[in-house]
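Asker: Dumping the structure here so I can ask a few things about it.
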Amino acid sequence: MITVRIPSAMRGLTDGAAHVEVEGMTVREALDALVVRHPALGARLFDDQGKVRRFVNLYVGEDDIRFSEGLDTAVPEGGTLSILPAVAGG
Amino acid sequence: MSGFGFSEEQVLRYSRHIILPHVGGAGQRKLLDAKVLCVGAGGLGSPIAMYLAAAGVGTIGLLDFDRVDLTNLQRQLLHDTDDVGRPKVESGMERLRAINPGVDVITHDTMLTSANAMEILSGYDIVVDGSDNFPVRYLVNDAAQMLGKPLVYGSIFQFEGQATVFLPGQETPCYRCLFPQPPPPGAVPSCSEAGVFGVLPGIVGSIQAVEAIKLITGIGTPLVGRLLLFDALEMEFTTVKLRWDPECPVCGKSPTVTELIDYEAFCGLPPRLGEIV
């Protein structure tokens with residue numbers, strides 16, 4: 001089981017849930033499972049080519065997947081995948 | 001406290017800093033000699049500027065083109081009910097002077113643009129970003145990197161905030177290393193569209209003030225290479241690692257952006273009225 005941390009900007013698409021538990025060995029599998037459960041998240045996370053949107057960062061634990069294996073980055077059992085969109089409010 | 005040039009009033013006013021291990025008279029002297037620019041005098045700018053003023057930061061620049069609106073008062077403690085309609089830098093300056101008359105407050109009643117950013121930022125040692133939109137955030141980042149100024153970043157949305165410190169130069173990340181591209185217009189709603197929890201900027205802006213004071217005094221470990229995330233609803237503080245991107249167009253090995261650009265165009269927005277880039 002992996003815990004996906006949902007930012008408040010996207011909780012309207014997860015029935016308000018801040019954490020969603022999914023199964024998966026990689027970031028891609030975890031996000032696919034997340035989108036199956038909450039389909040509206042798909043367009044917020046991925047562009048038309050299926051790539052993660054450039055203004056959405058993903059972290060396995062503390063590490064940005066852009067600097068490891070991208071969507072193929074492994075997520076350990078019991079680990080956390082955090083979704084971090086750019087926000088600008090002040 | 002001879003040697004630091006404090007007045008008797010200053011010795012008393014700053015006594016709780018002066019007796020504090022790590023800060024002391026030397027640290028207080030650095031605060032009195034420091035010049036900090038607060039970009040934005042709103043939700044984040046309020047606690048940032050008020051705590052820096054109370055701490056005795058000698059020169060505080062307040063930059064905002066906006067006027068106080070009734071909807072601001074739920075969170076922007078720089079401004080009072082009677083200030084509605086006044087320029088934010090005016091009411092903000094009054095608040096800071098009331099907190100600490102010894103602070104020199106410089107007001108910049110203007111929008112930060114590619115035409116004025118280098119000149120304005122160059123007058124300060126440290127820049128604290130409490131702005132509220134993507135074009136200004138990229139502009140402040142790029143100008144701070146080009147001028148070699150540390151930038152204390154904070155940003156909020158609804159119940160969540162982010163904060164970190166971007167140091168100039170290679171080896172440490174900048175805002176573009178964190179978010180290489182801005183979201184398309186409309187993809188991320190503003191506070192006026194989505195609402196914002198009133199206390200949230202108080203927490204995040206206070207963290208920015210902490211980091212600014214640490215940078216000035218040289219104490220502790222700065223929030224560099226780590227992004228602090230705060231979730232008020234879950235009451236969670238977490239950090240993730242930030243990495244310097246060698247391909248970064250501003251602070252990477254071969255920078256391609258070496259002067260300020262049109263940040264509205266970069267963010268997919270039409271040019272602002274009257275702006276010369």
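Asker: Within segment A:4-54, track down each residue that is on the phi > 0 side of the Ramachandran plot and acidic (Asp, Glu).
Answerer: The answer is A:Asp15, and nothing else.
Asker: Let me ask something else. Among the residues in segment B:214-226, are any within 12 Å of chain A (Cβ to nearest Cβ), modelled with pLDDT of 95 or more, over 19 Å from B:Asp132 (Cβ atoms) and in contact with a strand residue (DSSP E or B) (Cβ under 6 Å, 6 or more places away or on another chain)?
Answerer: Looking through segment B:214-226, at least one residue is within 12 Å of chain A (Cβ to nearest Cβ), modelled with pLDDT of 95 or more, over 19 Å from B:Asp132 (Cβ atoms) and in contact with a strand residue (DSSP E or B) (Cβ under 6 Å, 6 or more places away or on another chain).
Asker: Then there's this: Within segment B:233-250, which residues are more than 8 Å from chain A (Cβ to nearest Cβ), over 13 Å from B:Cys174 (Cα atoms) and in contact with an Asp or Glu (Cβ under 9 Å, 6 or more places away or on another chain)?
Answerer: If the condition is that a residue be more than 8 Å from chain A (Cβ to nearest Cβ), over 13 Å from B:Cys174 (Cα atoms) and in contact with an Asp or Glu (Cβ under 9 Å, 6 or more places away or on another chain), then B:Phe237 is the only one that fits.
Asker: I'm checking my understanding of the structure. Among residues of segment B:157-193 that are surrounded by fewer than 18 Cβ atoms within 10 Å (Cβ to Cβ), modelled with pLDDT of 90 or more and within 12 Å of another protein chain (Cβ to nearest Cβ), which one is farthest from A:Arg66 (Cα to Cα)?
Answerer: Checked segment B:157-193; the qualifying residue farthest from A:Arg66 (Cα to Cα) is B:Gln181.
Asker: State the number of residues belonging to segment A:55-89 that are facing another protein chain (nearest Cβ under 7 Å), surrounded by fewer than 19 Cβ atoms within 10 Å (Cβ to Cβ) and at pLDDT below 95.
Answerer: Selection size over segment A:55-89: 2.
Asker: Oh, and also: Does B:Arg137 satisfy being at pLDDT 95 or above, closer than 28 Å to B:Cys174 by Cβ and in a helix (DSSP H, G or I)?
Answerer: Values: at pLDDT 95 or above: yes; closer than 28 Å to B:Cys174 by Cβ: yes; in a helix (DSSP H, G or I): yes.
Spelling it out, B:Arg137 is indeed at pLDDT 95 or above, closer than 28 Å to B:Cys174 by Cβ and in a helix (DSSP H, G or I).
Asker: Being under 21 Å from the mean Cα position of the chain (by Cα) and of a type outside the set (Val, Ile, Thr) is the filter; apply it to segment B:81-92 and report the residue that is farthest from B:Ile60 (Cα to Cα).
Answerer: B:Pro87
Asker: So which residues in segment A:1-25 are farther than 17 Å from A:Gly42 by Cβ and surrounded by 14 or more Cβ atoms within 10 Å (Cβ to Cβ)?
Answerer: Listed by number, the residues that qualify are A:Ile2, A:Thr3, A:Arg5, A:Ser8, A:Ala18.
Asker: Right, here's the next one. When you scan segment A:68-90, how many residues do you find that are under 15 Å from A:Ser8 (Cα atoms) and over 13 Å from the mean Cα position of the chain (by Cα)?
Answerer: Within segment A:68-90, residues that are under 15 Å from A:Ser8 (Cα atoms) and over 13 Å from the mean Cα position of the chain (by Cα) number 4.
Asker: Report yes if some residue within segment B:144-153 is buried (at least 24 other Cβ atoms within 10 Å of the Cβ), touching a strand residue (DSSP E or B) at 6+ places or on another chain (Cβ under 8 Å), away from chain A (no Cβ under 14 Å) and closer than 25 Å to B:Pro87 by Cβ; otherwise report no.
Answerer: Yes, that holds for at least one residue.
Asker: Scan segment B:219-245 residue by residue and report those that are touching a residue at least 12 places away in the same chain (Cβ under 8 Å) and not hydrophobic (A, V, I, L, M, F, W, C).
Answerer: B:Gly220, B:Pro222, B:Gly225, B:Arg226, B:Asp231, B:Thr239, B:Lys241, B:Arg243, B:Asp245
Asker: I'd like to check something: does segment B:196-210 contain any residue that is more than 19 Å from the chain's Cα centre (by Cα) and more than 10 Å from every other protein chain (Cβ to nearest Cβ)?
Answerer: no
Asker: Condition first: facing chain B (nearest Cβ under 10 Å) and either part of a helix (DSSP H, G or I) or at pLDDT below 95 (or both). Can you find one or more residues in segment A:25-43 that meet it?
Answerer: Checked segment A:25-43: no residue is facing chain B (nearest Cβ under 10 Å) and either part of a helix (DSSP H, G or I) or at pLDDT below 95 (or both).
Asker: Considering B:Asp132, B:Asp109, which residue is within 26 Å of B:Leu229 (Cα to Cα), touching a strand residue (DSSP E or B) at 6+ places or on another chain (Cβ under 7 Å) and either at the interface with chain A (Cβ under 10 Å from one of its Cβ atoms) or surrounded by fewer than 21 Cβ atoms within 10 Å (Cβ to Cβ) (or both)?
Answerer: B:Asp132
The values are calculated or read from the model by the stated rules, or taken from the named source; none is laboratory data. These numbers come from a predicted model, not from an experiment. Cβ sites come from the backbone with ideal geometry, for glycine too, and all protein chains shown count toward neighbours.
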